[in-house]
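What follows is a set of notes on a single structure, which appears directly below.
The values are calculated or read from the model by the stated rules, or taken from the named source; none is laboratory data. Bear in mind that the values here come from a model prediction, so they are computed numbers and not experimental data. Note: ideal-geometry Cβ built from the backbone for every residue, glycine included; neighbour counts use all protein chains shown.
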Amino acid sequence: MAAHAHDSTAASTTVAEMTPLFDADTNARIAARLFEHIDNASCDLAPGPMLVDPAIYTDPDVACREQERIFDRAPVLAAHASELPNPDDFITVDLPGNRVLLVRQGDGAVRAFVNSCRHRGACLVDEQSGHRRVFSCGYHGWSYNCDGALRSVPYAQSFGPLDRSDYGLIELPCEQRYGFVWVIQRPGVPIDVSAWMGREMDEVLAGYHMEHFEMVRMSSFDEHMNWKVAEDAFVDGYHLKFVHPNSAGPYFYTNIQVVQELGRHMRAITPRKVIDQIRFSPHAPLDPFVTVGNFLMPNTTILRHSDHYETLTFVPHPTDPNRCRMDIRLIVPPITSDEEGALWDKNYDILVKTVIMEDLPLNTALQETLRGRGLKPLILGRNEMGNQVFHRFYDDLMATP
Ligand code: FES
Ligand SMILES: [Fe+2]
């Protein structure tokens, strides 16, 4: 899981100063619950164990159904707004349902287009990011404006009749909210990010004010595991001291989590061991003593630390259920000095190293074993409440025709 590592405080303005984690009542309630768990070596429990069919991680038919039932409908995190701050800035993002081109418009809105030329389908923009008024296709030179309109067709006379207004870029549903750009991978589906989040999670995310923060680092890793194997690993509070004995293990309590269902999403609060310092101060703010994971269906986690945010997005591979891409972003308060920047870099490198060296090899091997024949169901214990909630939400989405 990603309550991982780093304990240093880099920024002079902390996230906690900008946006308190909990109101006073919630703070007191969650603190009481955490200490009760610590004292009794208990944790939030699901009503019973849950069986999981291993085929959901490897079966290509399941992956196809996921695309239709989940990823054709759900808004997924595609960028932080600070990745394309100015009009005519663009970035490209590959999603399993479509390759996407995001462009900041003159009026400040972000629009999303299928990154494919309307002539014969060439990939229109290869670069990951940039600034451009006109996008020209490398194949036969068709060009498009930032709003997706077809601007010019070389040798138009000999090309023959063509109504240009019918050949603009295909637009995808796109909305900017909570400081992020969200996209639905299928054209024509209505998008309403706050409705997708539901009242409670909408309130949590709006309260974080991440639009005032900046994305300072981002990495993408192609991994040989199903996206749900990755999701399972990051929801998991049960593995910490076993998989991370020298990194996160010493700093966090293993197998202790408060798990809250917020609509179809989930918030998990994992205590750091230093929380013992406030055992007798029931009103002390929890922020520096916990890591909060906001697990947003279907595939994004926003981790709230006391001084920054991290986002993790597990993007299914378009054709192979045994692969996914992990996008990690580091989101921090506005940086005011080089020193601060260097500290964030160091923090980020520790996070990425922990995930890459400790979580990923184990889960790559796990994916290999799940491809075996004649396997029996896997089992999630009552203590693996976060994983159970994820699988229940997943099953609900998959069962919705
Ligand atoms: S495919 Fe783009 S101009 Fe021909
Ligand atoms: Fe982990």
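What are the residue pairs meeting all of these: first residue in the stretch 231-251, first residue free of Cβ contacts under 8 Å to residues at least 60 places away in the same chain and assigned by TED's automatic domain parsing to the domain that holds L312, second residue within 9 Å of ligand 2 (Cβ to nearest atom) and not hydroxyl-bearing (S, T, Y), Cβ atoms under 6 Å, and 6 or more apart or on different chains?
Close Cβ pairs (under 6 Å, with a partner that is within 9 Å of ligand 2 (Cβ to nearest atom) and not hydroxyl-bearing (S, T, Y)) amount to G249/L240.
For the stretch 131-158, which positions are within 10 Å of ligand 1 (Cβ to nearest atom) and more than 40 Å from the chain's Cα centre (by Cα)?
P154
How many of the residues in the stretch 147-194 are part of a strand (DSSP E or B), free of Cβ contacts under 8 Å to residues at least 40 places away in the same chain and aromatic (F, W, Y)?
Residues that pass the stated criteria total 0.
Has the stretch 138-161 got any residue that is touching a Gly at 6+ places or on another chain (Cβ under 7 Å) and under 29 Å from N387 (Cβ atoms)?
No, that holds for no residue.
Could you list, in sequence order, all residues of the stretch 236-274 that are in a loop (DSSP other than H, G, I, E, B) and hydrophobic (A, V, I, L, M, F, W, C)?
Matches in the stretch 236-274: A248, I256.
Among the residues of the stretch 199-211, is any within 16 Å of ligand 2 (Cβ to nearest atom) and either over 15 Å from the mean Cα position of the chain (by Cα) or within 30 Å of P85 (Cβ to Cβ) (or both)?
No: zero hits.
So is R217 part of a loop (DSSP other than H, G, I, E, B) and under 23 Å from the mean Cα position of the chain (by Cα) or not?
no
Given the conditions (1) surrounded by 21 or more Cβ atoms within 10 Å (Cβ to Cβ); (2) not assigned by TED's automatic domain parsing to the domain that holds Q257, which single one is not true for A63?
(2)
If I filter the stretch 121-141 for residues that are over 26 Å from R217 (Cβ atoms) and aromatic (F, W, Y), do I get at least one hit?
Yes, the stretch 121-141 contains a residue that is over 26 Å from R217 (Cβ atoms) and aromatic (F, W, Y).
Assuming V258 fulfils every condition listed in (1) under 30 Å from Y394 (Cβ atoms); (2) surrounded by fewer than 20 Cβ atoms within 10 Å (Cβ to Cβ); (3) more than 18 Å from the chain's Cα centre (by Cα) apart from one, which condition is it?
(2)
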